[in-house]
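Read through the structure below, which is laid out as structure tokens, and then see the notes.
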Amino acid sequence: MAKVKHNNFLDTVDEVITNATSAGVIHLHAEGSELNGRRITINGKSSYHFGTTGYLGLEQDERLKMAAINAIHKYGTQFPLSKTYISHPLYAPLEEKLFKMYKHPILITKNSTLGHLAVIPTAVRDKDAVILDHQVHWSVQSATEVLKSRGIPVRMIRHSNMEMLEHYIKSLRNKVDKIWYMADGVYSMYGDYAPLKELMELSKKYPQLQLYIDDVHGMSWKGENGSGYVMSELKELPQNILLFGTLSKTFGASGAVLVCPDEKLHKKIKNFGGPLTFSAQLEPASVAAAIASADIHLSPEIYQLQSDLGNKIKYFNDLLKASDLPLVHRNNSPVFYIGTGLPLTGYNFVSKMMNAGFFVNLGLFPAVPVKNTGVRITISRHNELQDIKALIDAMKYHFPSALEETLTDLPRIYLAFGMQESGLPEEKYAEKVNKNLRLKYTKSIKELDKKSWDQCFLGKGTFDWEALHFLENVFSNNKLKEHNWNFHYILIMDERNSIVMAAHLSSALLKNDMLSNETTSKAIEEIRKQDTYYMTDIVLSLGSVFSEGEHLYINLGHPQLENAMRLFLDQLEKIKQQEKAKLIILRDFNKNNSLNSFFHEQGFIAIDMPDSCEITKLKWSNEEDYIATLSKRSRKHFRRDVKAFENYFKTRIVSTPTTEEIDKYYALFVQVWNHNLGINTFKFPRKLFSEMAKSPKWDFLVLYLKADRNNVSDKIVGVMFCTGSGNTFIPALVGMDYEYNEKFNIYRQLLYQTIKTAGILKYEKINFGLSANFEKKKLGATLTPKVAYIQADDNFSLEALEWLRKD
């Protein structure tokens, strides 16, 4: 069946990172013979450092440095033995100090990534379930993958969406023992906090709820003895929480720490926690530096350091408030995020800041949605007030020019992030790109000239003028919401009234897993048995789920094409807001196309689609001529698996079927729909097939199994629902009886009879659509790799589908 390749998500990430690396804004190398925390040298240029996660600056503290140096002299560079056997002499003092900080049992791990790999598979039992916050750190998400092989349900919710969390708790509570919710205390990109108050209320309401919180970005700069943001809010750690802190980042050393109030569970994790048992322990230098840092944390000095950082954070916040810079989340953490929206704008702005002498971090997919690209700025005690003021001044100066050069503006950024100041993009944006271009938008094909439309789309699929008029009628005024679609038509013309580009789109309720593999859809359909509209959203899509082909007409040689495409995307954003769509899908592009880089820079990511299938040369006059067009292997297949069965069947083209016949055809279509999760759509309404029967543009190619001693009359076992557009024959849908398919090769026979019919009717081409590529190729179809470009409000659908795929 049709499917998206399993490694597609990784391919997408690779493409995004490669583009950012080529832009010179990530995968950089620091230079120089020393570091001081305040400045950093990159490409020969000394810059102010606003990208560190060492917020208190302890990594440069002389006490930590000397402790590490002395430990190497005394104990060597490493202690190469598992802690299960014996720990080196510095471990016990560090454990004692960390216990004093948290007042609960602790475990030290090599780093937080290995820590999560050690703790999660041990803490989560086979009869438990896990719910991930969509923005919880990758190291937590990765550690839960091992749970899949044990049959443990792992689900994902939208970021900090407590309503969605409670929905999952309710659905799981009668099926599992404990329900683990995994989140960050302070999120690493926007600097926002976990909703701890609401989580504790849910814990009281649902005693099964356990919380697993990674608070590495909340460590040291917050809380009593620098114990972190979570401890600063809760004061006392409840029994249902496992808390991870860090000994690196703000703590200034290396390693991580688990805080576990449950002593029984603490013992289990210590006795067998994967990497805790089999991995090397922290080096003496790292442990010694951590001891020195712990001494600072246990002294009054930690509050002076916190206060100093707090003053700098407040100063930065005050300066931001007085600017127009689009701060995405206002808080008092040391992490700030300035939204740029488009990746192209992000690359431009970061480059300008680096050239001006300020090192900042680009926030990009998959850490954030592609259209939520931005600049992450971190404030540390290394930064002086004058550095902070200079940073703000530089951003205020360079940000407007970055917007101007990439043809965007503040309203579009507010819109991308759903910020309060949002509204539809200012009309002046259209003026920037409107170089004698005129855009026409309508919601009905009846308002467009038939001849002009068909000059662009006739022969390309079920979206010529008459086909779209047919679809508008079918998918309106229906009972179920998934059967009511809105249609959108966009034409952009130049000053001579020549069409530069044209497109038709639909907005409809679609399944998020429509283009996912069959395994993913099977898992989701099980959930939909209780929750029909689980993981469904309004989607604005090029074309519709009924059509396949080149839905976007572009005049490739036109000098204003790029400006026309910008106007097109601007109009899409307006339609998306009006329709309250969560996702834009621009689909059915050839995989190697000239617009790939443009779409990425405009905030879209590419995903593979199933290959399209076409027979493009229907010029043979008889069966032998047809067979001659096939490969040697395909000829053998044809004679053995297709021709050998032809005499079992009769075929008939039905133009005006009876109501009873339509019922039979529809029942056969439903069988196919039930078997095809490779392209997972809502089932089309019966009205579609009734309207086909009324339309002179549609025919039913019906396959009958001839009567024999088992069948007293010919039996309908298959049907192709066919139409034509120009010189192209389009078998749009198929229905068949699976009871007979294996024995009589029903599907292969339908394909062959379709090819014969198209030849008899003098068509030059067959558009076979997207699924069952292997079968179509064996009968002479050419496969063309296709790609879609997706822009989502967030990454949730993509990442949640990725998790369900692995279930």
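The values are calculated or read from the model by the stated rules, or taken from the named source; none is laboratory data. Here the structure is a predicted model, which is why all the values come from computation and not from measurement. Every residue, glycine as well, gets a Cβ built from its backbone with ideal geometry; the counts of neighbours run over all protein chains shown. In case anyone asks, the SASA skips ligands and DNA or RNA and just uses the protein heavy atoms, side chains included. Shrake-Rupley method; radii C 1.70, N 1.55, O 1.52, S 1.80 Å.
Computed values, structure above
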{"read-out": "Per-residue ³J(HN,Hα) for region 183-190, Karplus 6.51 cos²θ - 1.76 cosθ + 1.60, θ = phi - 60°, Hz, x for Gly and Pro", "value": "8, 8, x, 10, 7, 6, 9, 8"}
{"read-out": "Residue-level accessible surface for Arg381, protein heavy atoms, 1.4 Å, Å²", "value": "70 Å²"}
{"read-out": "Using θ = phi - 60° and Karplus 6.51 cos²θ - 1.76 cosθ + 1.60, couplings along region 450-462 (whole Hz; Gly, Pro as x)", "value": "4, 5, 5, 5, 5, 4, 8, 10, 4, x, 9, x, 7"}
{"read-out": "Ranked by how many other beta carbons lie within 10 Å on average, peptides 199-208, 690-699 from highest", "value": "690-699, 199-208"}
{"read-out": "Protection proxy ranking of 139-145, 65-71 - average other beta-carbon atoms within 10 Å, highest first", "value": "139-145, 65-71"}
{"read-out": "On Cα atoms only, tilt of 91-102 relative to the major axis of the chain in degrees", "value": "80 degrees"}
{"read-out": "Tensor-based shape of region 293-402 (alpha-carbon gyration tensor, a/c under 1.5 rounded, otherwise prolate or oblate)", "value": "prolate"}
{"read-out": "Signed unit charges on C-beta, dipole axis of the chain, positive-most listed residue Tyr397, Cys456, Phe721", "value": "Phe721"}
{"read-out": "Antiparallel bridges, percent of DSSP beta bridges restricted to the chain (to nearest 5)", "value": "80 percent"}
{"read-out": "Helix 561-579 vs. the chain, principal-axis angle (Cα, 0 to 90°, nearest 10)", "value": "80 degrees"}
{"read-out": "Integer Hz, Karplus 6.51/-1.76/1.60 couplings in order for region 777-785, x for Gly and Pro", "value": "4, 5, 9, x, 6, 9, 9, 10, x"}
{"read-out": "Global form of region 1-153, assessed from the alpha-carbon gyration tensor, a/c cut-off 1.5", "value": "oblate"}
{"read-out": "5 angstrom amide H check on Arg155, placed H, neighbours 5+ away", "value": "Val130, Ile131, Leu132"}
{"read-out": "Size of charge dipole - region 243-325 - debye, nearest 20, with Cβ of Lys, Arg +1 and Asp, Glu -1, no other charges", "value": "320 debye"}
{"read-out": "Rounded tilt (10° steps) of 112-123 against the dominant C-alpha axis of the chain", "value": "70 degrees"}
{"read-out": "Student exercise, region 689-788 dipole from Lys, Arg, Asp, Glu Cβ charges, in Debye to nearest 20", "value": "300 debye"}
{"read-out": "Charged-residue dipole, Cβ positions (Lys, Arg, Asp, Glu), region 550-596 about Cα centre, Debye nearest 20", "value": "220 debye"}
{"read-out": "Interchain or long-range residues, amide H under 5 Å from Thr246's placed H", "value": "Val257"}
{"read-out": "Added length on full extension, which subtracts the Cα-Cα distance from 0.36 nm per residue, Met162 to Asn484", "value": "112.9 nm"}
{"read-out": "Ordering of 177-185, 722-730 by burial proxy (mean other Cβ atoms within 10 Å per residue, highest first)", "value": "177-185, 722-730"}
{"read-out": "Förster-model FRET efficiency, 51 Å R0, Thr658 and Glu405, C-beta, rounded to 0.05", "value": "0.20"}
{"read-out": "Amide H contacts of Asp192 (H built 1.01 Å from N, under 5 Å, at least 5 apart or other chain)", "value": "Tyr187"}
{"read-out": "Gyration tensor verdict on the chain (Cα atoms; rounded if a/c is under 1.5, prolate if a/b is larger than b/c, oblate otherwise)", "value": "prolate"}
